[in-house]
1. Please compute, over every Cα-Cα pair in region 1-118, the percentage with a separation greater than 21 angstrom.
2. Given Cα pairs under 8 Å that are at least 6 residues apart, what percent is the relative contact order of region 280-350?
3. Give the value in nm², to one decimal: projected area of the alpha carbon convex hull of region 19-75, averaged over all directions.
4. Tally the DSSP beta bridges in the chain and give the antiparallel ones as a percent, rounded to 5.
5. If you line up the Cα atoms of region 280-350 on their principal axes, what length do they span on each, largest first, in Å?
6. May I ask which residue of L241, N263, P294 lies farthest towards the positive end of the charge dipole of region 230-308, with charges of +1 (Lys, Arg) and -1 (Asp, Glu) on Cβ and the Cα centre as origin?
7. Please express the Cα-Cα pair-distance distribution P(r) of region 94-141 as a list of whole percents, one per 5 Å bin, running from 0 to the bin with the greatest distance.
8. If amide hydrogens are placed 1.01 Å from N in the peptide plane, which non-local residues have theirs closer than 5 Å to the one on L114?
Amino acid sequence: MPVPVSPPPSATVTYAFDVMPALGETLEVAPGVFWLRMPLPFALDHINLWLLRDGDGWVIVDTGIARDEVKAAWETIFAERLGGDPVTKVIVTHFHPDHMGLAGWLVERFGTALWTTFSEWAFARLARAQQSDDVRDSFLDFYRQAGFDADMLAGVDRRRGHYAARVLAPPAAVNRLVDGHAVEIDGRSWQVMVGTGHSPEHACLYCADLGVLISGDQILPKISPNISLWPQEPLGDPLRLYLESLPRFAGLPADTLVLPSHNWPFRGLHGRLDELAHHHDARLAETLAACDAPRTGVDILRRLFRRQLDDHQLFFAVGESLAHLHFLEGQGKVRRDRRDDGVFVFTRVS
Ligand SMILES: [Zn+2]
């Protein structure tokens, strides 16, 4: 039985359905496009996945985190919804655990292959392997330079292996999704649209025939995607990458049905793109104002996130704080200096 939903009212988006599928069930949201939900062990407690009819088979889009309860929900879907039909493709939007987690398991089980962008596949393989000492040293340097004290640095070791614990080994080979190229599913063309900033090369899929965009985490209706700086790219500017990639979606029709990975399917893409583009304005202004004296990444973290943060939240929060600082640095609004203790500080350029 579908579960009723009453999303919070929004001035920008219109939620397309007032029900959502129960665990182990599906709900058809467009011809041949089915919505299913899988549990997540975080504050954000679910992910939306998609099943696309493909002739006599099915295409799976995103896979859920690697946990027994998610595998069990998949078993129910296989038995009661797929009816023994083959899976023709497993498509993954990006490398994050809730999307990539069970890709290897699904591919092996159905004797099919993985389709995602090259960067997302490569990064998933890399992130599972990041247990070596050189990686640990590089991560410790990165967080020390952001202003972490000894207590906070201990969290770096506690996080070791966290990706591998949530993601089974992705296949050793990939079918590459390329921005602007199309994937044919059930005789329909789904165009790959790559977004950046949230992950290296996030694949969205747009079907003009159906007027449907599978937006992954790139465009979400209620929460905004996490945009963080990570130690693998210490001088990166992910917020610039994110803001630069949003306009690519503005050319899609206004009535596009957007299928996001969290919250609920919606219409109102253009208004939501505007909202997401300006979502960071207030925090950027607060960050800039705070840099009236030299500030570390941790200083900005304490300013932007006043609540108590657990280990998991701490790394996302410092990543977001650094993303804001680096964006301002890229715009020439703050200057980066290195203190004698090696920690980077940022100061407003007046
Ligand atoms: Zn994500």
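1. Details: 2526 of 6903 pairs.
Roughly 37 percent, rounded to a whole number.
2. Values: 80 pairs, mean separation 28.9, N = 71.
Averaging sequence separation for qualifying contacts and normalising by length gives 41 percent for region 280-350.
3. Values: hull surface 16.8 nm².
Computed as one quarter of the Cα hull surface, the answer is 4.2 nm².
4. Details: 38 of 50 bridges.
Around 75 percent antiparallel, to the nearest 5.
5. Sorted largest first, the three principal extents are 34, 31, 17 Å.
6. N263
7. Percent of Cα pairs in each bin: 5, 19, 24, 20, 15, 9, 6, 2, 1.
8. It is N175, by chain and number.
Throughout, read-outs are computed from the coordinates displayed, never taken from laboratory work. Because the structure is a prediction, the values reported are computed rather than measured. Don't worry about glycine lacking a Cβ; one is built from the backbone with ideal geometry, like all the others, and counts go over all protein chains shown.
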